[in-house]
1. Could you count how many residues in segment 119-143 are loosely packed, with under 13 Cβ neighbours inside 10 Å and not in a loop (DSSP other than H, G, I, E, B)?
2. Which ones in segment 1-25 are among the polar types (S, T, N, Q) and under 26 Å from GLN54 (Cα atoms)?
3. For segment 72-118, enumerate the residues that are in the same structural domain as ARG144 (by TED's automatic domain parsing), outside any helix (DSSP H, G or I), acidic (Asp, Glu) and out of contact with any Ser or Thr (no Cβ under 6 Å at 6 or more places or on another chain).
4. Considering each residue of segment 91-111, count those that are in contact (Cβ under 8 Å) with a residue 60 or more places away in the chain and within 23 Å of GLU135 (Cα to Cα), and give that number.
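The values are calculated or read from the model by the stated rules, or taken from the named source; none is laboratory data. Just so we're clear, the structure is a prediction, and the values are computed from it rather than from any experiment. Positions of Cβ are backbone-derived with ideal geometry, glycine not excepted, and every protein chain shown enters the neighbour counts.
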Amino acid sequence: MTHYITKGSLEELKKELEHLKKEGRMEIAERLKRAKEYGDLSENSEYSDAKEAQAKLESRIFELEEMVRGAVLIKKNDRKDIVSIGSTIEAQKGLKTFKYTIVGSREAKPEADLISNESPLGKAFLGKKIGDSVEINTPGGKIRYKVTKIE
C-alpha cells in the first residue's frame, strides 16, 4: 500500500521501527523470562500480559515495516498549474479564502490546514487548476470552493 509521507516523517517511522526491533523486543524477552520463572504458565498472569505485549509489539513492527516499504516521499510541489500532493493552495468559499496544503493521510492535521489527499476535500482538489471549482458533499449540504492560487 502506498503511503505519501514527508522525509522527516519517514525518518521518524524508521527510528521508531529500529527502537521497537531492538529495545522493544529485548524488553519483552526480559518480561517473558521473568514471568517463566514464576512457574506454571497456564495460571501466570505476568506471562499472559507479556505475551499480549509481545503480540502488540510485533503487530506495530509489521505495520511500520509496511509503511516504510510503501512510502512515497512528498516533495514540495514545483508545479504551479495543477494541484497535487505537496501543493499549497488558496481556495475561495463564498467571500472567504482558505489556504490548504495537501499531504498524505499520516500527516494530516485539519486544524493546521494540512488536509489528507484521501479526504473528500483533498481528493476534490487533486488535479484541479486555478479557476476550477470543486463541490464537496457534507452532512450540511454541498460546499463549493474555487481554486484561486497554487503554490
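1. Matching residues across segment 119-143 total 6.
2. Answer for segment 1-25, where residues must be among the polar types (S, T, N, Q) and under 26 Å from GLN54 (Cα atoms): just SER9.
3. ASP113
4. We begin by selecting, within segment 91-111, every residue in contact (Cβ under 8 Å) with a residue 60 or more places away in the chain; these are 103-107.
Subset that is within 23 Å of GLU135 (Cα to Cα): 103-105.
Number of matching residues: 3.
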